[in-house]
Structure formats: C-alpha cells, structure tokens
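See structure below.
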Amino acid sequence: MLAGRKGEKGTERGRKERPHSKGREERRGRKQGDGGMEEQRGRKRLDPMSVGYYRRVSERLGEEFSSEEEKALFVSNVFSEVRGQALPLATDPTGSFALQKLLPLATPAQVCRLLKGLREEGEEGSGFKTAACQRCGTHVIETALRQTRRLLQDAGDSGMQEDSEEGEGGAEDCGTVEDHVLGLASEVTEKLLEYSKDTHGTFVVRTLIHVLGGLETRNQEQTGRGFKKPAPKAPEFSEFEVPESFKGALERLADELLEHVTVFLTHPTASPVFQVCMQVFHRQCPEQCQRLGQGMLGYLTSLNPGAGSSPLLVFLKDQTSSRLLEKMVELSQKSLFRSLYKDHFRGQLVTLALHPIANFPVQRLLAAAPNRKLFVKIFDELLEGLEAILAAGHMGVIIQLAQSCVKQGERQAELLQCLLKAFHCADPPSRKLSCAPLFLTLLAHEVYYQPQEPGGDVAQSQKPLSGLVYHGSCLVQSLLKFSDNSALLRSLDSFPASDLLILACDQSGSHTMEVLMTSLSDKGRDRLFKKLKGHYVQLSCSKHGSRVLDKLWSAAALGSRRAIAEELASHESELRADQFGRHAVRNFALSHFLKRRREWEELQSVQSKKRKMFDDILG
C-alpha cells in the first residue's frame with residue numbers, strides 16, 4: 001500500500017476516531033488489483049507487484065536468449081501485459097526503463113499499440129502531453145520516435161500479421177507508425193508553446209523534428225539506470241527516407257515557430273527547438289532554413305533600435321538569445337550572412353568580441369564567412385582590437401581567427417606578426433625564438449621570463465617550460481597549419497629534450513606535439529627523434545606521452561623505429577608492469593623484436609613503405 005501523502009495527517013492517518021475495520025476497507029478500496037495499478041492524485045500508478053515484474057523484465061533483457069524466436073516471444077508476452085496500463089508504466093521509473101529496452105525489439109504493431117495507449121490514457125484533451133511532459137514518459141516517447149526508421153522499413157505484411165493473431169486490439173485497431181507520428185506532430189504543432197516551454201516536453205519536440213526531417217542519431221547511447229552516461233559530443237546523424245506527409249507536418253510546425261518567434265528567441269527551454277528546426281532544414285531543405293532565419297531577422301529589425309545601433313546587439317549579449325543567433329549565423333547562406341554582417345555586426349565586432357557572451361556569436365561569424373572578401377573585412381576590423389581581446393581573455397575569438405585564416409588562406413602573416421607584438425617578442429628579432437613557450441602559456445615575454453634587472457633579458461634555455469594552458473595549445477596548433485610557420489617551428493626546434501618531454505606528457509600539450517609531427521620535414525623529424533632518445537620509456541609510461549609515442553612511431557622510418565625498440569626492449573619488464581607502458585610492448589611487438597629481429601625488421605620495413613606511399617598520395 002502506498003504511504004499517506006504529505007499534508008494528509010489530519011484527514012486520514014490523524015483521525016483516531018475512525019474504526020480500524022473502516023480504515024482497512026478504505027485502504028483496500030484504493031487498490032486496483034485487476035489492472036496492477038494504484039490511484040494516487042487522480043493518476044494511475046504501478047503497484048509494487050508490477051514494479052517487481054518490470055524490474056525482472058529489464059534484467060532478463062540484459063541476458064542472452066537462446067534464439068531470436070525466444071526473444072520475440074518474450075517481448076510479445078511482455079507487451080501483452082502492457083495493455084491498459086501504458087501511461088502508468090511509461091511514467092514510472094522502473095516501467096519507463098523496461099519500455100526503453102523493449103522498444104528497440106518491438107514490432108510496428110507493438111509500438112503502435114503502446115503509442116495508442118499513451119494517447120488515449122492521458123488526461124482528457126491532453127493526448128500525448130501527459131507522458132511527453134513527465135520526466136520518465138518523455139524518454140519512452142523519444143525512444144519510440146527513434147524507432148521510426150526501422151519501423152517504417154519493417155511495417156510489411158509479415159510483422160503486422162504476426163501481431164494481428166494476438167486477438168482483440170490487434171494491429172488493425174492500432175493504426176500505422178506514420179499515423180501515430182503524424183498524430184503526435186499535429187498535437188505538438190497545436191500546443192507548441194506548451195510542449196516547447198516544458199522541461200521534458202522540449203526534448204520530445206526536438207526528437208520529433210529530427211524524425212519528421214528524416215534524420216536518425218547514429219550510435220544512440222541509452223542513459224539511465226544501468227547505462228553509463230556517454231561523454232558529451234556533437235551528435236552525428238544519418239538520413240533516411242520519410243513519407244511526404246512528414247515533410248508537410250514539419251513545414252506546418254515551422255510556420256508555428258515563426259508565429260511565436262519572440263518566445264523562442266528569449267525562452268531558455270524553448271530556444272533549442274528553433275535551433276534544431278533550423279539545423280534539420282539546413283540539411284534537408286536549405287531554402288526553409290533561410291526562411292526561418294529571415295523570419296527571425298525580420299522580427300529583430302522591426303524592434304525599436306537603440307541610439308545609433310542595431311536592435312540585434314541587445315540580443316547578442318543575452319545568454320539565451322545569443323545561442324539562437326549563433327545557430328542562425330552558422331547556418332546562414334551568403335545573402336543572409338551578408339545582411340547580418342552589413343546591417344548588424346559591422347563596426348561593432350571589437351565591442352562584441354570583448355563582451356563575455358557576445359564573443360561567441362563573433363566566433364561563429366568568423367567560422368561561417370562564406371568567402372574571402374567577407375572574411376577579410378571581418379578580420380581587418382577585429383585585428384585592430386586584438387590586444388584588447390587578448391587582455392579580456394577571450395581566446396576563443398583569437399583561436400577562431402587563426403583557424404579561419406587557415407581555412408580561407410588569407411591574412412596569416414598579418415595575424416602572426418600582430419601576435420608576436422602582443423606577446424612582446426617581435427623586437428628585437430632574437431626574441432622570436434621564444435614565441436612558442438609564450439603562445440603555449442599565453443604570457444608576455446617579460447612576464448614569462450621575469451628578468452632580474454630592469455630592462456634586462458633572459459635566454460630561453462634558462463627557463464624550463466611550465467604553465468601550459470589549453471587555449472595556448474589550441475593557438476599553437478592552428479598557427480602550425482599556416483603556410484609559413486617557420487618562426488614557430490624554429491622556436492619549437494630550440495626546445496631541449498626536457499621541454500619536449502613536458503610538452504608531450506601534458507594533456508593539452510600532447511595534441512600540439514601530434515600536430516607538430518605533421519608539420520615537420522623528414523630532417524625535422526630526425527632531429528626530434530634524436531632529442532627524445534633516452535626518454536622513450538618516460539613517454540611510454542605517461543598517459544598522454546604514450547599517445548604521442550604512438551604518433552612518433554607511425555611517422556618514423558625503419559632506423560628510428562629500431563632505435564626506439566632497442567631503448568624500450570631493455571626496459572621490457574618495467575613497461576609490462578606499467579598500465580600505459582604495456583601498450584608499447586604490444587603495439588611495437590617488443591617480444592618479437594628481442595627474439596626474431598630479422599622478421600621484425602622485415603615487417604616494419606613493409607609498414608614504413610606503405611606509410612610513405614600513402615603520404616605521397618595524400619600529400
């Protein structure tokens with residue numbers, strides 16, 4: 001029996017004058033034994049027996065089945081228990097988790113029956129909303145929507161007939177997958193603001209938009225109890241064919257978005273819905289994406305501007321609105337981009353780049369520049385305030401500036417010279433040799449080297465490398481891709497072995513070493529190998545250094561590989577005992593090197609020739 005609700009002390013549990021027999025009868029009356037549910041707050045809930053059953057279902061699905069037939073029979077039996085309690089099951093944590101594991105194995109008819117139950121069992125007039133705007137139910141509807149591609153392909157006669165033999169409530173009474181997706185789309189469009197502004201409902205709307213646009217998330221990882229939460233990363237999508245009716249439903253939803261553009265611009269929960277819709281249209285129908293962008297821009301320009309400024313500037317400095325405007329800039333075609341820059345960004349770029357929020361749209365503007373002419377205009381304006389941007393610590397703008405210089409093939413020398421001046425290592429020319437540690441640590445020359453006497457100077461060799469920062473590493477990686485990176489290469493080439501070891505074993509510095517390997521000539525690589533000789537064991541036993549050593553090995557000629565293997569083989573027992581070192585023993589075949597040297601060299605020679613051949617083709 002469910003415990004009394006908070007605040008009921010004086011109504012049920014606090015009435016001592018009530019006879020015990022009467023209390024037992026009333027408590028028994030709250031149970032709905034036939035359906036395996038209990039009533040609470042006017043909504044059906046799973047009883048403890050049902051919770052235990054669906055917990056065992058989840059455990060069984062985590063085990064192996066002897067055959068596909070046994071698995072299909074098990075899934076069919078479980079779905080037969082779901083009838084009549086789809087909503088309480090979906091909104092219960094245990095039931096929701098079981099359904100999320102069942103749905104990828106379900107037939108089209110089973111999914112349709114579940115969706116029909118969710119729609120019909122909700123509160124009167126709410127349809128799917130009761131489940132979609134509930135913390136557990138939203139995961140069930142999302143999981144069901146993600147099965148659309150598979151279900152549209154499997155909704156042939158065989159799958160539907162298999163379930164139609166189950167009796168009353170068969171496939172013919174449940175509609176089709178297309179019907180249910182369109183039904184949800186119609187309901188969401190009608191109540192778009194209610195869904196989009198709800199913490200849980202907004203995720204259903206976004207998943208629905210992906211499905212209507214024919215996009216499926218690749219390698220979708222489930223999360224929740226029993227699943228490890230994946231590391232955050234940009235989603236990857238694959239396309240699939242959808243019925244024409246889906247495209248019409250998506251366009252109607254987009255029209256509704258434009259009707260309430262002011263809400264999606266300012267509401268933190270609803271704003272991602274507009275962004276996702278633009279992203280889907282950008283892939284599937286660029287004209288519609290531009291229509292959404294123009295609609296948003298039209299609304300912004302219709303507002304009363306401030307004194308001598310664009311009304312867009314206010315929204316660029318708002319945490320919620322700026323994200324939507326970033327997406328609009330990122331996905332804009334040439335005409336829309338030119339309009340954005342000419343009417344709203346031009347003349348304000350340095351001011352925006354110095355703002356803690358508005359600097360992110362500036363980064364998107366740099367990355368999205370459609371041609372060299374527009375990029376050069378943006379670059380020239382930002383270059384005037386580069387030192388102020390550095391002082392503000394907005395390194396994302398500087399790094400994107402460097403990356404865009406590489407992408408567009410323009411203004412690389414000007415940016416490098418400006419950076420040398422900003423870090424106080426342009427004059428005298430001898431100071432250029434110290435630019436790499438300054439960029440890696442984002443410190444000016446006099447701050448990094450700290451001369452003992454006023455006006456004095458300190459040689460680079462007297463200062464060990466220290467204080468590496470993530471953004472400094474990213475900046476150096478971008479600068480190494482410049483067509484003329486000789487100044488930076490000379491500075492890195494002057495590093496002693498100890499500094500190279502520090503760089504390779506650092507979390508962010510290791511990525512710089514990897515990019516450096518691709519930038520060096522064959523002679524430069526040979527000098528690098530000679531410097532690192534005697535330090536390969538330390539690299540192997542480092543979490544980040546071991547990855548750098550793998551890259552060094554891939555780029556090494558046979559002679560360099562032999563020298564690395566000889567040094568490592570003499571410490572084989574030490575490497576085997578280390579959690580990172582043992583990978584070097586396996587990857588470099590050190591046991592084979594010690595016992596069958598000739599065969600090892602023949603194999604390495606073949607691999608080295610293949611690498612050189614591919615480098616020549618790709619280079």
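Some values worked out for this structure:
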{"item": "Candidate set: the stretch 259-270, residues that are assigned to a helix (DSSP H, G or I) and among the aliphatic types (A, V, I, L, M); chosen: the one most open to solvent (accessible area, probe 1.4 Å)", "result": "Val263"}
{"item": "The stretch 45-71 residues that are under 24 Å from Pro93 (Cβ atoms) and open to solvent by 70 Å² or more (accessible area, probe 1.4 Å), paired with ones that are part of a helix (DSSP H, G or I) and modelled with pLDDT of 90 or more (beta carbon under 7 Å, 6 or more apart)", "result": "Arg45/Pro88; Arg55/Thr94"}
{"item": "Filtered residue count, the stretch 187-219, keeping only those that are open to solvent by 10 Å² or more (accessible area, probe 1.4 Å), of a type in the set (Ser, Thr, Tyr) and at pLDDT 95 or above", "result": "3"}
{"item": "Residue satisfying all of: in the stretch 421-436; surrounded by fewer than 21 Cβ atoms within 10 Å (Cβ to Cβ) and assigned to a helix (DSSP H, G or I); nearest to the chain's Cα centre (by Cα) among these", "result": "Ala422"}
{"item": "All positions within the stretch 560-598 that are assigned to a loop (DSSP other than H, G, I, E, B) and over 14 Å from Asp550 (Cβ atoms)", "result": "Ser570, His571, Ala577, Asp578, Gln579, Arg596"}
{"item": "Single residue of Asp550, Asp506, Asp578 found to be at pLDDT 90 or above, under 31 Å from the mean Cα position of the chain (by Cα), more than 21 Å from Leu468 (Cα to Cα) and acidic (Asp, Glu)", "result": "Asp550"}
{"item": "Which numbered condition Phe315 misses (of (1) closer than 30 Å to Asp380 by Cβ; (2) among the aromatic types (Phe, Trp, Tyr); (3) under 21 Å from the mean Cα position of the chain (by Cα))", "result": "(3)"}
{"item": "Single residue of the stretch 271-317 satisfying the filter (among the polar types (S, T, N, Q) and without any contact (Cβ under 8 Å) to a residue 24 or more places away in the chain) that is surrounded by the fewest Cβ atoms within 10 Å (Cβ to Cβ)", "result": "Asn304"}
{"item": "Whichever residue in the stretch 106-144 is acidic (Asp, Glu) and assigned to a helix (DSSP H, G or I) and, among such residues, is farthest from Glu68 (Cα to Cα)", "result": "Glu120"}
{"item": "Test: residue in the stretch 275-291 that is over 19 Å from His210 (Cβ atoms), outside any helix (DSSP H, G or I) and in contact with a Leu (Cβ under 9 Å, 6 or more places away or on another chain)", "result": "no"}
{"item": "Looking only at the stretch 96-126, and only at residues there that are touching a strand residue (DSSP E or B) at 6+ places or on another chain (Cβ under 9 Å) and modelled with pLDDT under 90, the one that is farthest from Phe79 (Cα to Cα)", "result": "Glu123"}
{"item": "Residue match in the stretch 338-348 (condition: part of a helix (DSSP H, G or I) and in contact with a Cys (Cβ under 9 Å, 6 or more places away or on another chain))", "result": "no"}
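The values are calculated or read from the model by the stated rules, or taken from the named source; none is laboratory data. Note that this is a predicted model, so its numbers are computed, not measured. All Cβ positions, even for glycine, are placed from backbone atoms using ideal geometry, and neighbour counts span all protein chains on display. Accessible surface areas use protein heavy atoms only, side chains included; no ligands, DNA or RNA. Shrake-Rupley method; radii C 1.70, N 1.55, O 1.52, S 1.80 Å.
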